């Protein structure tokens, strides 16, 4: 129990897999921090006043992504200056990906000719390329919680929301420990994602 408390105090989690006659495996997950970085709970807050909210959505269902992209197209975007709605205060830049690998590449600025054309690099913004991440609870057997934990140290300002098919104990504990910032029940919409981001930033 003492070891579990130490892990939790460092915003990590402990998972155990056990089979009779086979033994037990203990998996310890700890966020990675780089020197000089603020802790995730100190700095993770959407910075109001930005011209554009940069949102990364990860879901392996193309129909869901298509619906979210359609909803996002109705909102103000960086490509459509001057367009406003009564419910959204800021422009939205939406990037949809179908796997955690693609999402990681997007976070790191790979395969992004647009930034290069503007003379920008992924490292030019100390807060990362995205303000918020909304990820499907599980994709291809991989957990969104594990993915969030793997990028948490590198992008401490990014708000991370899990889109949940069902609320599990692991999900609740991940929020309590600061691994994720929140979760929302599926089906989701751009409005419900933005509401969760706004609640976290207040």
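The values are calculated or read from the model by the stated rules, or taken from the named source; none is laboratory data. Every value quoted in this text rests on a predicted model; they were computed, and no experiment measured them. So basically every Cβ, Gly included, is an ideal-geometry build from the backbone, and we count neighbours across all protein chains shown.
Return yes or no: is residue 177 more than 23 Å from residue 109 (Cα to Cα) and touching a helix residue (DSSP H, G or I) at 6+ places or on another chain (Cβ under 8 Å)? The answer is yes for residue 177. Note on the range 1-116: enclosed helices (runs of 4 or more DSSP H) holding 3 or more residues that are modelled with pLDDT of 70 or more and touching a helix residue (DSSP H, G or I) at 6+ places or on another chain (Cβ under 7 Å) are 62-73, 100-108.
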